[in-house]
Amino acid sequence: MAPIAFFTALIFMLSLKLSLVTGSAAYCGPIEATDRDRIQFALNLEFLEAEFFLYGALGRGLDSIAPSFAQGGPPPIGGEKANLDPLVGRIIEEFGYQEVGHLRAIITTVGGIRRPQLDISAQTFAEIFDAAVGYKLSPPFDPYLDTVHYLLASYVIPYVGLVGYVGTIPDLYNATSKSLVASLLGVEAGQDAVIRALLYEVANTPVLPYDMTVADFTNHISELRNKLGGCGIKDEGLIVPLFLGAENRTDSNILSANPNSLSYARTPPEILRIVYGTGSEYKPGGIYPRGGGGNIAKRFLAKT
Ligand SMILES: *[C@@H]1O[C@H](CO)[C@@H](O)[C@H](O)[C@H]1NC(C)=O
Ligand SMILES: *[C@@H]1O[C@H](CO)[C@@H](O)[C@H](O)[C@H]1NC(C)=O
């Protein structure tokens, strides 16, 4: 390994360790916010999904379909067309268009925000996967390489939106907001289920050239998200110990859910800790090198 790459990896792992230490004191309770701010917070994830799915399926992003939705925010860094098989290509293309609809629904209901700077480069995903497995993968994980790599990278994404929506609904004040978020949640959950079911079909297949199966990768990613979130187990891989399976009776775990098979919920700070990859809602990084947009994300950024 080149010395610079090694050094970067070392710094990355050290900062991750540090953030995990601070993460143990993470705040897991509710936050105060208006409906509008809570729903606009979700735009951060919807922008990410739109860009990642559109680039993956088409090789171009939101600006090629609905440029005004970005409100002048910069285009994402590093999006690429993924080498997808025809079935998954169709599915991801549909998901991409669905995200455009979600953006429109939110913007017309509560108003939009500037698209935050997103970094969806292969290198950023490689760093996330290195952090998940706990060492530097060689060759670096490339989300755009093929269908399985892309689905594993996607496993990182709608689920976080889904648990965020589950966490948001109980805190919303009015019926318009609740109705919008419930409907967003329905489709996010569907996308997550499709991605997980496709991965489950190949759960025991090795992801070459790494010495790990698809299920191993999902377990590592879920563990990383639990660590970064700092609020216990709210994320589970595809094959789990019985005590995490439905009714303790199965180790298959096509959907991630709690002991009563109800969806887990996350607060905005938990989501920021995860998507920044730093374990801290105050410290941007990863897919959001300059942090998220909207009042909630900015509230924490202001304190750095
Ligand atoms: C309900 O919340 C939405 C935003 O979610 C807002 O646009 C609307 O004005 C609110 N309605 C009332 C009656 O407060
Ligand atoms: C499953 O096991 C856990 C302990 O690991 C226990 O708390 C829970 O009640 C069990 N669920 C059922 C349905 O038996």
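The values are calculated or read from the model by the stated rules, or taken from the named source; none is laboratory data. Note that the structure is predicted; figures quoted are calculated from it, not measured. With ideal geometry, Cβ positions are generated from the backbone for all residues, glycine too; neighbour counts draw on all protein chains shown.
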(message) Would you confirm, using the coordinates I've provided, whether residue 232 is touching a residue at least 12 places away in the same chain (Cβ under 8 Å) and away from ligand 1 (no atom under 16 Å from the Cβ)?
(response) yes
(request) Check the stretch 184-199 and report whether any residue there is within 16 Å of ligand 1 (Cβ to nearest atom) and either under 19 Å from the mean Cα position of the chain (by Cα) or not small (Gly, Ala, Ser) (or both). (result) yes
(message) What's the total number of residues in the stretch 108-147 that are in contact with a helix residue (DSSP H, G or I) (Cβ under 6 Å, 6 or more places away or on another chain) and within 16 Å of ligand 1 (Cβ to nearest atom)?
(response) 3
(request) Collect the residues in the stretch 268-304 that are over 14 Å from the mean Cα position of the chain (by Cα), buried (at least 24 other Cβ atoms within 10 Å of the Cβ) and among the β-branched types (Val, Ile, Thr), keeping them in residue-number order. (result) 296
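Okay, residues lined up against (1) crowded, with 20+ Cβ neighbours inside 10 Å; (2) modelled with pLDDT of 95 or more:
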{"position": "78", "(1), (2)": "no, yes"}
{"position": "82", "(1), (2)": "yes, yes"}
{"position": "93", "(1), (2)": "no, yes"}
{"position": "96", "(1), (2)": "yes, yes"}
{"position": "100", "(1), (2)": "no, yes"}
{"position": "129", "(1), (2)": "yes, yes"}
{"position": "140", "(1), (2)": "no, yes"}
{"position": "149", "(1), (2)": "yes, yes"}
{"position": "159", "(1), (2)": "yes, no"}
(request) Starting from the stretch 235-255, keep only residues that are farther than 13 Å from residue 192 by Cβ and more than 12 Å from ligand 2 (Cβ to nearest atom), then list their pairs with residues that are in a loop (DSSP other than H, G, I, E, B) and among the β-branched types (Val, Ile, Thr) whose Cβ atoms are within a distance under 9 Å, requiring at least 6 positions of separation or different chains. (result) 251/240; 252/240
(request) Looking only at the stretch 184-195, decide whether some residue is under 28 Å from residue 30 (Cα atoms), charged (D, E, K, R) and touching a helix residue (DSSP H, G or I) at 6+ places or on another chain (Cβ under 6 Å). (result) yes
(message) From the list 114, 104, exactly one residue is surrounded by fewer than 17 Cβ atoms within 10 Å (Cβ to Cβ), of a type in the set (Lys, Arg) and more than 20 Å from residue 296 (Cβ to Cβ). Which is it?
(response) 104
